[in-house]
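The values are calculated or read from the model by the stated rules, or taken from the named source; none is laboratory data. Just so it is clear, the model here is predicted, and its values are computed rather than measured. When we count neighbours, we look across all protein chains shown, and the Cβ atoms used for this are built from the backbone with ideal geometry, even at glycine.
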Amino acid sequence: MVRALFNRALQARHAGILMLLAVCFTLGGAWFIQLVLGIQPCPLCLEQRLPYYASLPLLVNLILQIRHDKPYVARTSALWVIILIAFAIAGGMGAFHTGVEWGLWKGPSDCTGDFKPAGLDQMLAQLNTVKVIRCDAVAMRIFGLSLAAWNTIIAGCLVVFGALSLRQWRQEQADQGSNSLSQ
């Protein structure tokens, strides 16, 4: 039963919608944590949202392409691959941020490292003008994992799920023989 449900989810008409819902829930969760819980994102957290924002119109376009009676296989496949690249970038950014949090490497200088003002006047000026959210400090953990680690997991799952769904859709298109790859 689980396998049948998974195979049904992999069907292109369902996969596009499921990926779109996953992106909306991921972004909605990030906004909820920021606006409702009051946990401000660091610069790396904000950057990790960009691939998800970019994928929104692409996913809507993909859903419309797939629902077309005779989709252009090459165009739809290329769109799908671009979406998978966006998810892979989001996952890579999450993995980088997780490494910064774990101290495996240094993050951007504007949100990591020690605060070392040259003098009291400089320190007071910086305190009045700059509110730095640290990239190397975990602001919130869910089930023991930071939000950056969860982003890595979510994006990785989207890449795998999307790739499996693309493979199945391409096989269905080849079996139907209604379109050639040159379109």
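Taking the stated definitions as given, is residue 166 buried (at least 16 other Cβ atoms within 10 Å of the Cβ), among the aliphatic types (A, V, I, L, M), within 17 Å of residue 52 (Cα to Cα) and modelled with pLDDT of 85 or more?
Here the answer is no, as residue 166 does not meet what is asked.
Please give the number of the condition residue 68 fails out of (1) over 24 Å from residue 148 (Cβ atoms); (2) surrounded by fewer than 16 Cβ atoms within 10 Å (Cβ to Cβ); (3) touching a residue at least 24 places away in the same chain (Cβ under 8 Å).
(3)
Name the pairs whose Cβ atoms lie under 6 Å apart, with the first residue in region 103-114 and over 13 Å from residue 148 (Cβ atoms), the second at pLDDT 70 or above and exposed (fewer than 11 other Cβ atoms within 10 Å of the Cβ), and 6 or more positions between them or separate chains?
none
Go through region 74-90 and report how many residues are of a type in the set (Gly, Ala, Ser) and under 15 Å from the mean Cα position of the chain (by Cα).
So the answer is 3.
Results for (1) in contact with a Lys or Arg (Cβ under 9 Å, 6 or more places away or on another chain); (2) modelled with pLDDT of 90 or more; (3) not in a loop (DSSP other than H, G, I, E, B), shown as yes or no for each residue.
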| position | (1), (2), (3) |
| --- | --- |
| 15 | no, no, yes |
| 38 | no, no, no |
| 52 | no, yes, yes |
| 55 | no, yes, yes |
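Might you let me know whether region 42-55 holds any residue that is over 14 Å from the mean Cα position of the chain (by Cα), under 24 Å from residue 136 (Cβ atoms) and surrounded by fewer than 21 Cβ atoms within 10 Å (Cβ to Cβ)?
Yes, that holds for at least one residue.
Does any residue in region 144-168 that is outside any helix (DSSP H, G or I) come within less than 7 Å, Cβ to Cβ, of a residue that is surrounded by fewer than 21 Cβ atoms within 10 Å (Cβ to Cβ) six or more places away or on a different chain, and which pairs are these?
Within 7 Å, the pairs are 146/138.
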